[in-house]
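The next block holds one structure in the form of structure tokens; read it before the comments.
The values are calculated or read from the model by the stated rules, or taken from the named source; none is laboratory data. As the structure is a computational prediction, the values presented were derived from the model and not from experiment. Note: ideal-geometry Cβ built from the backbone for every residue, glycine included; neighbour counts use all protein chains shown. We work out accessible area using only protein heavy atoms, side chains counted, and drop any ligands, DNA or RNA first. Shrake-Rupley method; radii C 1.70, N 1.55, O 1.52, S 1.80 Å.
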Amino acid sequence: MNARSEPAGRPRAADPPTTLTGWLRERTDAELATLLRRRPDLALPAPADLPTLASRLTVRASVQRAVDGLNAFALKVLEAVVLLAEDGDSVGIDALTGLLGLPPGPGLAELRELVLVWGGDRLTLVSFVAESVGPYPAGLGRPARTLFAQVPDVHLAPVLRAVGLPATPQPRAGRALADRLEDRGCLDRSLTALAEDERELLDRLAGGPPIGTVRGAPLLPRSPDPLRVDGDAGATTRLLTCGLLAPIDTSSVELPREVALALRAHPLGSIDPEPPAVPVLEREPAELDRVGTTAVLEILRLVESLAAEWTRHPPSQLRAGGLGVRDLRRTARALDLDEPRTAVLIEVAAAAGLLNATHGVDPVYLPTPEFDAWAGRPPSTQWADLALAWLAMTRQPSLVNQRGDRDRLITPLSPEVERGTVPTLRRQVLEALAALPPGAAPRDRADVLAWLAWQAPRRANGQRPVAAAILAEAEMLGLTAAGGLAGYSRTLFAGSRTVAEQVLQSALPEPVDTVLVQPDLTVVVPGPPVPDLAAELALVADLESSGGAHVYRVSEASLRRALDAGRAGADLRLLFERRSRTPVPQSLRYLIDDLAQRHGALRSGPASAYLRCDDESLLARAVADRSVAGLGVRRIAPTIAITTAPVARVLQLLRDAGYAPAAESPDGEIIALDADPPRAPSRQPIRVVRAAGGPTPASLAELVNRIRSGDALTQVTRRVHPAVQQVPGVTSAATMASLRDAIRNDRTVLLGYAEQDGTATRHTVRPISMAGGVLRGYDGPHGRLSAFALHRITAVAPIREDDGA
């Protein structure tokens, strides 16, 4: 009864199993663990025994998922099995090999591993597999005998006359036409006599699918003379008349399987046992890492710029959730990105827990406190946070700006971007790149897409644009460089984050703390700036270009931004003098002094707000300015005016109108408002539990042991007396009596038990005591002392000792 791990090479039983449950019992623990790993839906919740597992293997939705995930060769093998098993019999390996034209080897092993077929020398399809493959396996239509049997007599009569057969009623008419197509010599003569357009039409249908539709012309002739019309409709009608096509309704036809097999070079079409090769460009792995670091530094800068932009101008959250179209466009302009890349940036930052919506009446998006902690980490750690969040997030940014339900635009952070299957596809894309040698990059992205299409051909059409978007996102995030997987990304994908951060840190250029100030007021940073320098430059200058070196431009607007933030003119001069390795241009000194002298001449303070200015004419001009009329400014003294608007709004409107106001404290000192930027509530970042995905080997081994133990108990139940049943939570008198009798007579019983998580389990117990609402006894063949709450016992059945239980 105990669960045991049996060696993979153990001998099979002499008599082959006749049921799926029996075949599963012969599988090794490793084979069962592989099945549960590759089809995780079978383990939710954990099956109690092997009959339960066998039942779940025949669930239509589970079978469909497994079939859709097959690679091209395994799918061809399965289609061959379906074709050979149409009469309901099992399929021999020799017959399968003959139809394929090569050994089924790895394809058949895949089908057995996923338990889509079972058996040894004779293969049996699991229920719903043929239905999941579809009505036309390998693109072949139904046999002629099946098709013509469904055509009414009135429509078969002209076909019989056209091919020289006597007019007979159904079913003999259908059998006669089918016999003619099953005669290969007769069929070849009919194909040879076809016109070019007729042969072209048959070749298209023979390639699959075998169904064709024609509009605007009758498909069911009533006379032996074919209708003379142009185009496919005429060719279709002639082929119907000579019995090479079968009508299935008034506008559709189907190519009989015999005709398709005669036209094909191989019965199953093209068969590719191996995935297509991916031509590569070889380079040194270290060079690929250096190229990738440029994208790494750029994505880190963009995240910081996004947080700064949303701190200054928080976008509103739509009522239905997500970011508005206008806010997306404004953010894209501010970051100098296109909208698709901006959507990727927003979604990844949100998945990493760096952005969130506030909890208010009018929620807005803001950086979270986690962003402040993230901003202080080393670049390699920052990048690893973003990369892992991207790998794990169930969001598909490429959907943004497409039309969703009710023809509405999909926006970032909205529920419509959610796609649960995207993480799996991301891993498949990266696995394709990881399969290449280190330092190798595909010559063409289309080769990678072709490799992915071979891995899951039934999903290829829908996944191809998504896979292309994933490759672009990986390039943007720095996981790939020049199309190849960077070394640090390989390490991260393998599950070692610490080593990946070390590899990336060694590849990143050393941060610099000095700049080169040019006479044209550009500031060149010859490398990635240290965090404090980057923060200062973002305040006093505007970034023009980034890469190996960063180029900033100092302007009147950027210097005024620094003055608005509370910097004094002396602070700005000291910044450039201390950081620049070149002399500070005189034009920059003059610009700083001039702006510092004019800045703050007009001041505002809380009153709700007031304006104070020693220059009476300047104050009079500001009060009379139409741009600030909405503030309701009222002059109460030659140098003072007040308003009910908040100070921040007063400052913003005055600056938009071209003035240079400054905020001041109650004691008259110039201050910077909002020194502590607003933040949204914390958001839990998305984590990757396991880089390889799925449950751990230890958890799978434990699950297999539980299933085998449950299966052993299931077989024991055939040798026990009828159980005393009860409602969980209610201990009946009969249950208590059965347990007391087992304790007095030292007998073993089978307990049905409801675990804390709600799962039903069974235990073979030799009870020794019962008190305080708890039954104690030796559980299982190993005699482990266990305790069972009486109110959780659902059934009690004594085991007959004379049966060897």
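Among the residues of segment 465-481, the ones that are of a type in the set (D, E, K, R) and either surrounded by fewer than 19 Cβ atoms within 10 Å (Cβ to Cβ) or in a strand (DSSP E or B) (or both) come to 1 in all. Screening LEU165 on (1) at pLDDT 90 or above; (2) open to solvent by 30 Å² or more (accessible area, probe 1.4 Å); (3) of a type in the set (A, V, I, L, M); (4) part of a loop (DSSP other than H, G, I, E, B) shows it passes everything except condition (1). Could you say which residue among GLY495, GLY484 is open to solvent by 20 Å² or more (accessible area, probe 1.4 Å) and of a type in the set (Gly, Ala, Ser)? Selected residue: GLY495, the only one of GLY495, GLY484 that is open to solvent by 20 Å² or more (accessible area, probe 1.4 Å) and of a type in the set (Gly, Ala, Ser). Pairing residues of segment 669-682 that are surrounded by 11 or more Cβ atoms within 10 Å (Cβ to Cβ) with residues that are at pLDDT 70 or above and basic (Lys, Arg), at Cβ distances under 8 Å and at least 6 apart in sequence or on separate chains, gives ILE670/ARG603. Comparison of THR639, THR644 shows that the only residue that is β-branched (Val, Ile, Thr) and open to solvent by 70 Å² or more (accessible area, probe 1.4 Å) is THR644. Pairs linking a residue in segment 169-182 that is within 9 Å of GLU258 (Cβ to Cβ) to a residue that is open to solvent by 60 Å² or more (accessible area, probe 1.4 Å), with Cβ atoms under 6 Å and 6 or more positions apart or on different chains, are ALA178/ARG145. Tally the residues that are free of Cβ contacts under 8 Å to residues at least 24 places away in the same chain and closer than 23 Å to LEU263 by Cβ, restricting the search to segment 123-155. Counting residues in segment 123-155 that are free of Cβ contacts under 8 Å to residues at least 24 places away in the same chain and closer than 23 Å to LEU263 by Cβ gives 3.
For the criterion of being of a type in the set (A, V, I, L, M), at pLDDT 90 or above and either within 46 Å of the chain's Cα centre (by Cα) or open to solvent by less than 30 Å² (accessible area, probe 1.4 Å) (or both), ALA109 passes.
Among residues of segment 420-464 being among the β-branched types (Val, Ile, Thr) and surrounded by fewer than 19 Cβ atoms within 10 Å (Cβ to Cβ), the one that is nearest to GLU287 (Cα to Cα) is THR424.
Determine the pairs where a residue that is of a type in the set (Asp, Glu), located within segment 749-761, has a partner that is part of a strand (DSSP E or B) with Cβ atoms under 8 Å apart, the partner being 6 or more residues away or on another chain. These pairs meet every condition: GLU755/THR761.
Out of curiosity, is SER62 over 24 Å from ASP121 (Cβ atoms), at pLDDT below 90 and among the polar types (S, T, N, Q)? No; evaluated as a whole, the condition is false for this residue. Out of ALA286, ALA295, ALA262, one residue alone is open to solvent by less than 70 Å² (accessible area, probe 1.4 Å), within 19 Å of ALA352 (Cβ to Cβ), of a type in the set (Gly, Ala, Ser) and touching a residue at least 40 places away in the same chain (Cβ under 8 Å). It is ALA295.
Only one of these is surrounded by 20 or more Cβ atoms within 10 Å (Cβ to Cβ), at pLDDT 85 or above and in a loop (DSSP other than H, G, I, E, B): LEU239, LEU244. Name it. Before the answer, list the steps.
On the way: LEU239 fails: in a loop (DSSP other than H, G, I, E, B).
The unique qualifying residue is LEU244.
Can you pull out the residues in segment 117-141 that are open to solvent by less than 70 Å² (accessible area, probe 1.4 Å), out of contact with any Asp or Glu (no Cβ under 6 Å at 6 or more places or on another chain), closer than 22 Å to LEU268 by Cα and part of a loop (DSSP other than H, G, I, E, B)? Once the filter is applied, which keeps residues that are open to solvent by less than 70 Å² (accessible area, probe 1.4 Å), out of contact with any Asp or Glu (no Cβ under 6 Å at 6 or more places or on another chain), closer than 22 Å to LEU268 by Cα and part of a loop (DSSP other than H, G, I, E, B), segment 117-141 yields VAL126, GLY134, TYR136, LEU140. The numbered conditions (1) open to solvent by 70 Å² or more (accessible area, probe 1.4 Å); (2) modelled with pLDDT under 75; (3) touching an Asp or Glu at 6+ places or on another chain (Cβ under 9 Å) are all true for THR714 except (1). Residue check: GLY321 meets all listed conditions (1) crowded, with 23+ Cβ neighbours inside 10 Å; (2) at positive phi but one, namely (1).
I'd like the full set of residues that are open to solvent by 50 Å² or more (accessible area, probe 1.4 Å), in a strand (DSSP E or B) and either over 25 Å from LEU703 (Cα atoms) or in contact with a Pro (Cβ under 9 Å, 6 or more places away or on another chain) (or both), limited to segment 761-789. Within segment 761-789, ILE768, ALA771, ARG776, TYR778 meet the criteria. Out of segment 195-209, which residues are outside any helix (DSSP H, G or I) and either surrounded by fewer than 17 Cβ atoms within 10 Å (Cβ to Cβ) or without any contact (Cβ under 8 Å) to a residue 12 or more places away in the chain (or both)? Answer for segment 195-209, where residues must be outside any helix (DSSP H, G or I) and either surrounded by fewer than 17 Cβ atoms within 10 Å (Cβ to Cβ) or without any contact (Cβ under 8 Å) to a residue 12 or more places away in the chain (or both): ALA195, GLY207, PRO209.
Scanning segment 335-347 for residues that are out of contact with any Asp or Glu (no Cβ under 8 Å at 6 or more places or on another chain), in contact (Cβ under 8 Å) with a residue 12 or more places away in the chain and either assigned to a loop (DSSP other than H, G, I, E, B) or open to solvent by less than 30 Å² (accessible area, probe 1.4 Å) (or both) yields a count of 6.
Can you tell me which residue in segment 410-444 is nearest to ALA351 (Cα to Cα), limited to those that are in a loop (DSSP other than H, G, I, E, B) and hydrophobic (A, V, I, L, M, F, W, C)?
Here is the first cut: in segment 410-444, the residues in a loop (DSSP other than H, G, I, E, B) are 410-414, 419-421, 435-440, 443-444.
Next, only the ones that are hydrophobic (A, V, I, L, M, F, W, C) stay: 410, 413, 435-436, 440.
Working: ILE410: 18, LEU413: 10, ALA435: 27, LEU436: 29, ALA440: 30 Å.
Filtering first and then ranking leaves LEU413.
Taken as a whole, the condition of being open to solvent by 10 Å² or more (accessible area, probe 1.4 Å) and in a helix (DSSP H, G or I) applies to ASP372.
Of the numbered criteria (1) modelled with pLDDT under 90; (2) open to solvent by 20 Å² or more (accessible area, probe 1.4 Å); (3) among the hydroxyl-bearing types (Ser, Thr, Tyr); (4) not in a strand (DSSP E or B), the one SER587 fails is (1). Residue count for segment 348-367, restricted to those that are β-branched (Val, Ile, Thr) and surrounded by fewer than 16 Cβ atoms within 10 Å (Cβ to Cβ): 1.
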